[in-house]
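Undergrad: Have a look at this one.
Read the figures in this text as sums done on the coordinates, not as results from a lab. None of the values given here were measured: they were computed from a predicted structure. No Cβ is skipped: glycine too gets one built from the backbone with ideal geometry, and neighbour counts run over all protein chains shown.
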Amino acid sequence: MKSIFKLFTKTHHIVIRLNAPHGVHLRPSAIMAGIAKKYSCQIMLSAGGKQVDVKNMNAVLALGLQNGDHVTLKASGKDSPEAIKALQDFLLTLCAEEANLELTQDLQKTNYEGSALQGVSVSTGIAVGMPYFYEARNSHNEESGISFEKAYKLATEELESLAKDNDIFIAQKAILESLPHASHQEFITSIDEAITSLKDTANQAKIADYQDIQRRVAKLTKGAKSLAFPKTPFLLIADELLPSDIPTLIKENIQGVIVRELPPRAHAALLLRSYKIPAISLDIDSLKPVDSVMILDASQGLLVTVPTKSDLDSANNAISAELSNSTSVNEKRFEPAITKSGKHIKVLANITDVDSAMEAKEAGCEGVGLLRTEFLFRETKPTFDKQVEAYKSIFSLFDEVTVRTLDVGGDKNLPYLTLPRETNPFLGVRGIRLFETHLELMEEQLLAILKAKQNGELKIMFPMVATVEEFNYAKGVAHALASKHSVSLDGVLFGIMVEVPSVLFLIEEFNKVVDFYSIGTNDLTQYLFAIDRTHATLSIDPHSSVLYDAIRYIQDRATKPVSTCGEIASNCDAIEKLVQIGIDTLGVTPAMIPTIKARIRDV
């Protein structure tokens, strides 16, 4: 009889891409099983060609689900829709920022009874775990390596794969491909020379990337043996941490990081924040291996080495509160973000490819504030048809999309694109200036974007615009292409990314020709202060009144819509000021959408 009923039982399923820095280990596996057991339907989870019953915690744990994995949840039974939604909501909490502004403030006020060491916060958050001393350079096995030629090729492929999730590895891949490598010795010599030339310069922070590349190739040529990380939650303590360490570490049960010296803007620090791993920089000489847990309160820059029971209770309660808050925030992600005074702030997503577009859609964005198109151009020049297909797949998901034309140059180079060797590439051929040097490439991209347009509103944005003439020329190219190929421009708007300070003094002229402005605060900040954002010793206050004054200056004088799409829009501490200035459209990273919406509702 049961088999007959199965024929009429509707199956519900959903596919989710995990963005869980610590993977789905014991705790989340147990929570998933607990949720599933509340429902009578059968619930299966599929990943990597394997399928398990979600109600079986050990079976879920055995899948070893990691950050970036795609999982399919499938349920059949009378309460299957409710079960799928409950599990979906839980998994998506792993993608949300772990705390809102109020929680961060509470953590910063925590007083501990036990002994503590003061460091410098690199990535905020709180964690509890056993200390584990990490010696990355002792992981070689001299007997199982491969030839340098194979190692170089494999290292390139590894960086290409990592680049799909983070632009930092795009830069490393470009560096690797630029280094002479006719022989292993030539390769090592070129890296040594590069490191020497970077010492005590404005680009000293980039030394870590050269060291990282050298170590990646060395591990392959010498052979790398697996490190045995603790199975229980641990705090990693290290002399140094390079970018390539982090994608490996997040697959383990790591809760936090303490490193001897790590500048907040170093690539490794940026990765730690992107994976939401609490971290501090601290002199670790006084730390010794112990068999008891420690508390890392990265929001205060503290490592509590000998916590009391009261300290541990407070820390664990804070971690539970973070999880609870994250769940609440995530449940409201599809609701509009309306301030207490009734003003609707539109929250759009900054995306990098088709996968991140789907993540943004599921995170509750109201459209796309910035589509970075570089993902199509990384390894080889994409065909026209491939571009159209990729743009269509993204445009079809949203009613409003702002697409940025190709922005390469500076530290973002393409292997097939010949650009002049420049002393200061950040002030050279990049962004809209490609219309002067590579017009055919830009024409093909513009036509592909126009051909891919759907029924919604399409905004085409040009980066690195410094003069009205540059914008008029690029917009003219688009109009000429539309006329030549009989493509309608109905519903197509043209605007600029405000990054170059000269635009501030040309607003009245730009008002006559642009349809919108999007303030790219990342580059605008470094050009306002003439400081590289990744500089090893110099730093910029992310909440400097100068930056807010610049945003206010643009907002007050612009007669066309203004939005922001830089890091500041994803910073909870900046939201109230941006709203007060009058900004009503924000472009944020997909993972931060639920949190930023929640913060707006408190303004």
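Undergrad: Loop only per DSSP, at most 15 neighbouring Cβ atoms within 10 Å: give me the trypsin sites (Lys or Arg not before Pro) in the stretch 444-475, ordered by residue number.
TA: Working: sites: Lys451, Lys453, Lys459, Lys475; in loops: Lys453.
In loop regions of the stretch 444-475 (DSSP not H, G, I, E or B), there are no sparsely surrounded trypsin sites (Lys or Arg not before Pro).
Undergrad: Same structure, new question: Considering amide H positions built from the backbone, and no H for Pro or chain starts, which residues 5 or more places from Ala349, or on another chain, come under 5 Å of its amide H?
TA: The list, which skips near neighbours in sequence, is Glu366, Gly367, Val368, Gly369, Leu370, Val588.
Undergrad: Starting from the Cα-Cα distance between Glu436 and Asn317, subtract it from 0.36 nm times their residue separation and give me the gain in nm to one decimal.
TA: Values: separation 119, 0.36 × 119 = 42.84 nm, distance 5.81 nm.
Gain on extension, Glu436 to Asn317, equals 37.0 nm.
Undergrad: Applying the Karplus parametrisation 6.51 cos²θ - 1.76 cosθ + 1.60 with θ = phi - 60° to the phi angles of the stretch 588-600, what ³J(HN,Hα) value in whole Hz is obtained for each residue in order, glycine and proline being reported as x?
TA: 10, 5, x, 5, 8, 4, x, 5, 5, 4, 5, 5, 4
Undergrad: Ok, one more. List the residues whose amide H sits under 5 Å from the amide H of Ile237, counting only those 5 or more places along or on another chain, with H placed 1.01 Å from N in the peptide plane.
TA: Tyr132, Phe133, Tyr134, Ile258
Undergrad: Taking the Cβ of Val293 as the center, what net charge do the other residues with Cβ under 14 Å away carry, scoring Lys and Arg +1 and Asp and Glu -1?
TA: Details: positive: Lys309; negative: Asp291, Asp297, Asp311, Asp313.
For residues surrounding Val293, the net value is -3.
Undergrad: Next question, about the same structure. Among 372-380, 429-437, 494-502, what's the highest-first ranking by average C-beta atoms within 10 angstrom per residue?
TA: Working: 372-380: 17.3, 429-437: 19.7, 494-502: 22.2.
Going by the mean number of other Cβ atoms within 10 Å, highest first, we get 494-502, 429-437, 372-380.
Undergrad: Using every pair of alpha-carbon atoms in the stretch 332-601, split the distances into 5 Å bins beginning at 0 and state the percent of pairs per bin, rounded to integers.
TA: Final binned percentages: 1, 6, 13, 17, 19, 18, 14, 8, 3, 1, 0.
Undergrad: Stretched out fully, how many nm does the piece from Ser488 to Leu287 gain, at 0.36 nm a residue minus the Cα gap? Write down the numbers at each step before the final one.
TA: On the way: separation 201, 0.36 × 201 = 72.36 nm, distance 6.64 nm.
Full extension from Ser488 to Leu287 adds 65.7 nm.
Undergrad: Could you give the nm distance between label points at Asn511 and Ile14, where each point is 7 Å from its Cα heading toward the beta carbon?
TA: 4.6 nm
Undergrad: Taking the radius of gyration and the Kirkwood hydrodynamic radius from Cα positions alone, what is the Rg/Rh ratio for the stretch 485-530, to two decimal places?
TA: On the way: Rg = 13.6 Å, Rh = 12.1 Å.
When Rh is taken as the Kirkwood radius, the ratio is 1.12.
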